[in-house]
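Quick notes on the structure that follows.
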């Protein structure tokens, strides 16, 4: 795990933080010789432990850093390195089992009631209600967090400023559930910016996928994704080969078989569901094409219904309706594989019958 600091704003949010005179965050350990608490330019030894089943486990140990005003600091490390634990310790969310956190030389935990109103914290999971629009969510939060003597006009001004800071002005009347993962994360950041915190902590702020979508991308429906993809590719290849053998068995020579090939390939492409939405007669005809069931297998494993549309990522507030072709269920994937298996059996049997008749003749 490492720390990265910068003074250079790269976007509106970074400029927002840079323009404000943030207080110094300093956390250090206890002097083991005399127990005295003091500040150092190189701060040392914050420790967080976990007691589980009478066994003490150190989650993070001897972590030290000094953070100056107007700095953007990134904590970088692999999964399980203790990034969130350190974040919780220095933000006041979880008191370390050993070591201290100082803000401008004042112990954070001994004076937490005085500091809590100037600290903003955005956890990994979204802290917004999906059934509200961004503007409604921020108005609700403003009523809870801003001082009681704040007028409605002042609240509206703060909300507009925050929405502009996180670059969501074009979506302020959009339901949060219709936003992309990255936009929902920015909405969560906006909630914390309402109180204009001097210390601002963000846990994985760049994550563009919500936990559900991320899980779907890393886990398959029945097996690991690579195994499901292999099965779909294998069945598709056998189906296509069986169809090719059947067509070849009907032709007297290879040249005639090649002239039929385009007539077989075009329907596969047209009725695969990739070019246009299948419906009515087109959907009925697609049942006889291998590509449709192949695409359903791939789309189910990838859970295409859970992925944001490209236009949504570009900022257009459009509703992404789930397609039944890519239903993320085991039964749907098995049905696609089953139909591909039927193609293999039908074309193989038909090819055998035709070749047997030719041999008899």
Find the residue count for segment 35-76, including only residues that are at pLDDT 80 or above and touching a helix residue (DSSP H, G or I) at 6+ places or on another chain (Cβ under 7 Å). 2
Scan segment 338-361 for residues that are part of a helix (DSSP H, G or I), farther than 11 Å from residue 243 by Cα and out of contact with any helix residue (DSSP H, G or I) (no Cβ under 6 Å at 6 or more places or on another chain) and jot them down. 338, 341, 342, 352, 353, 356, 357, 358, 359, 360
Among the listed residues 157, 105, 120, identify the single one that is closer than 14 Å to residue 190 by Cα, in the same structural domain as residue 73 (by TED's automatic domain parsing) and more than 28 Å from the chain's Cα centre (by Cα). 157
Only residues in segment 243-257 that are within 14 Å of residue 356 (Cα to Cα) and outside the structural domain of residue 349 (by TED's automatic domain parsing) count as the first member; pair them with residues that are part of a helix (DSSP H, G or I) and at pLDDT below 75, Cβ under 8 angstrom, at least 6 apart or cross-chain, and list the lot. none
In segment 188-211, what count of residues is obtained for those that are over 24 Å from residue 142 (Cβ atoms) and at pLDDT 85 or above? 0
Residues that are out of contact with any helix residue (DSSP H, G or I) (no Cβ under 6 Å at 6 or more places or on another chain) and more than 20 Å from residue 338 (Cβ to Cβ), drawn from segment 233-249: 244
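Quick grid of which residues meet (1) at pLDDT below 90; (2) outside the structural domain of residue 120 (by TED's automatic domain parsing); (3) surrounded by 20 or more Cβ atoms within 10 Å (Cβ to Cβ):
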site: 134; (1), (2), (3): no, no, yes
site: 146; (1), (2), (3): yes, no, no
site: 149; (1), (2), (3): yes, no, no
site: 171; (1), (2), (3): yes, no, yes
site: 177; (1), (2), (3): yes, no, no
site: 183; (1), (2), (3): yes, no, yes
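The values are calculated or read from the model by the stated rules, or taken from the named source; none is laboratory data. All values reported here derive from a predicted model rather than from experimental measurement. Cβ coordinates were reconstructed from backbone atoms using ideal geometry, including for glycine residues, and neighbour counts include every protein chain displayed.
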